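Written below as structure tokens is the structure these notes are about.
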Amino acid sequence: MTTTTAPSGVDQLARYLGCLVALLVTDPTAWAGRPTVDLVLPLAAGLAAWFAATPLTARPVALGFRWRNRLSRHRNTAFAVMCVVLAAFNPPPGWLAACDTALLLTYLLCVDALAAGPPAARLLRRPLVLLCAYGASAVALTAALLPVAPTGPWARLLAALALAGAAAAVIAALTPRRRP
């Protein structure tokens, strides 16, 4: 199994960004009050991010369907999912959740631009794409942070509006424009 990664400078930048995201989703504001044994999770998250956050520019050739081969092929996706799971099980304060969201989106955009090459880099130079990506993330985060009772009449409506807004932003960003 061979893996091709991005050039070392950009590779290191994405790796450090991934480590920062992994440490922030473990809620560093609560580290001071925890026993020493509870600091194993942030340490493990940072160590796992060091290996998993490196962007893949080409999918490794995997022989067979063993979990290790599949994880190697999709380690960037697995890394992002694990960051979201860590943040969900240990909810950070609102300001830190906003930082986590922005940094995770930045990491994902960076990895996508490296993996897809020049076409993706050109797409990310369009201000509307970035505005829509960060705007959709902000709308989803705002909806997630709103204090709504799960059985209240507004809960489903707010969730549906947030999803519709995020979908509209993605469609607006990715719809090709015709030039006159």
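Annotations
- Single residue of the stretch 141-166 satisfying the filter (under 30 Å from residue 73 (Cβ atoms) and either open to solvent by less than 50 Å² (accessible area, probe 1.4 Å) or of a type in the set (Ser, Thr, Tyr) (or both)) that is nearest to the chain's Cα centre (by Cα): 141
- Of all residues in the stretch 132-140, none satisfies being in contact with a strand residue (DSSP E or B) (Cβ under 8 Å, 6 or more places away or on another chain), in a helix (DSSP H, G or I), more than 30 Å from residue 31 (Cα to Cα) and open to solvent by less than 60 Å² (accessible area, probe 1.4 Å).
- Within the stretch 71-85, considering residues that are buried (at least 16 other Cβ atoms within 10 Å of the Cβ) and of a type in the set (S, T, N, Q), the one farthest from the chain's Cα centre (by Cα): 72
- Selection count, the stretch 124-180, where residues are at pLDDT below 80 and among the aromatic types (Phe, Trp, Tyr): 1
- Criterion (surrounded by 14 or more Cβ atoms within 10 Å (Cβ to Cβ), at pLDDT below 85 and among the aliphatic types (A, V, I, L, M)) met by exactly one of 121, 116, 45, 98: 116
The values are calculated or read from the model by the stated rules, or taken from the named source; none is laboratory data. Because the structure is predicted, anything quoted here is derived from the model rather than measured. Heads up, the Cβs are rebuilt from the backbone with ideal geometry, glycines too, and the neighbour counts pull from every protein chain shown. Ligands, DNA and RNA are stripped out before the accessible areas are found, and what is left, the full protein with its side chains, is counted by its heavy atoms. Shrake-Rupley method; radii C 1.70, N 1.55, O 1.52, S 1.80 Å.
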